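S.K.: Sending over a structure as structure tokens; questions will come in a sec.
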Amino acid sequence: MANVQIRDTSLWTKHIDGDPELKRKLEALGAGERVWLRVGGKLACFEKMRPGPNGPMPGLKPVDETRELWSQLYPSRKGQRVEIDLEETPPPGAPAASPVAGSRGQPEWAAASDEERDAAWEAFKALTRAGWRSDGAGGERDDLHEH
């Protein structure tokens with residue numbers, strides 16, 4: 001069985017020991033994808049973090065009722081280890097797929113065709129030509145302010 005060291009308000013995969021397969025599965029989750037874990041014997045739902053300004057985030061944030069469970073563990077048990085295990089089947093009434101998943105159970109961008117991706121990229125590039133533009137001569141800051 002794996003354990004994780006409580007170090008933050010989120011569960012970081014780099015602090016998981018004892019089960020490399022579980023660690024690999026959690027690291028392979030797509031951003032926004034949810035997973036059910038047993039944390040200290042209690043059922044908990046976590047969501048893979050979305051990428052930050054420096055790239056992918058190797059952590060999971062507690063969602064829904066799990067926020068309360070995790071707030072009981074951190075900071076009161078900061079630095080301690082707690083057992084975790086993957087819950088293969090979600091509890092009754094829990095969403096089976098991630099809320100950001102497309103119809104094929106994948107994030108919507110992963111399910112997009114090459115044509116859809118190309119169209120999205122062209123639309124994004126077109127934003128550089130959107131908005132207000134002045135072809136007139138510039139001026140001093142104070143002159144422009146008075147206009």
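Each reported figure results from applying straightforward, stated rules to the coordinates on display, with no laboratory input. In this text, all values refer to a predicted model and were calculated from it rather than measured experimentally. Positions of Cβ are backbone-derived with ideal geometry, glycine not excepted, and every protein chain shown enters the neighbour counts.
S.K.: If neighbour count is taken as other Cβ atoms inside 10 Å, put Arg81, Arg129 in order from fewest to most.
M.R.: So the ranking, lowest neighbour count to highest, is Arg129, Arg81.
S.K.: Sort the following peptides by mean Cβ neighbour count (other Cβ atoms within 10 Å, averaged over residues), highest first: 85-94, 42-51. All intermediate terms of the calculation are to be shown ahead of the outcome.
M.R.: On the way: 85-94: 10.6, 42-51: 18.1.
Order by mean packing, descending: 42-51, 85-94.
S.K.: Hey, with R₀ at 25 Å, roughly what FRET efficiency would Glu68 and Glu27 work out to, going by the Cβ-Cβ distance, to 0.05? Numbers along the way, then the final one.
M.R.: On the way: r = 26 Å, r/R0 = 1.02.
My answer for the efficiency is 0.45.
S.K.: Right, here's the next one. How far apart, in nm, are the 7 Å Cα→Cβ label points at Ala119 and His15?
M.R.: Result for the modelled spin labels: 4.4 nm.
S.K.: Tell me, what ³J(HN,Hα) does each residue in segment 5-16 have, in order and in whole Hz, if you take phi through Karplus 6.51 cos²θ - 1.76 cosθ + 1.60 with θ = phi - 60° and put x for Gly and Pro?
M.R.: Along segment 5-16, the couplings run 8, 7, 10, 7, 6, 10, 9, 9, 5, 5, 9, 8 Hz.
S.K.: Convert each backbone phi in segment 57-73 into a coupling constant with the Karplus relation 6.51 cos²θ - 1.76 cosθ + 1.60 (shift: θ = phi - 60°), then list the ³J(HN,Hα) values in order as whole Hz, x for Gly and Pro.
M.R.: Using θ = phi - 60°, the values come out as 9, x, x, 10, 9, x, 10, 6, 5, 5, 4, 5, 4, 5, 5, 6, 7 Hz.
S.K.: Please state the shape class of segment 2-95: rounded when a/c is under 1.5, otherwise prolate if a/b exceeds b/c and oblate if not, all from the C-alpha gyration tensor. Could you put the intermediate results ahead of the total?
M.R.: Numbers: a/c = 1.23, a/b = 1.04, b/c = 1.18.
It comes out rounded by the Cα gyration axes.
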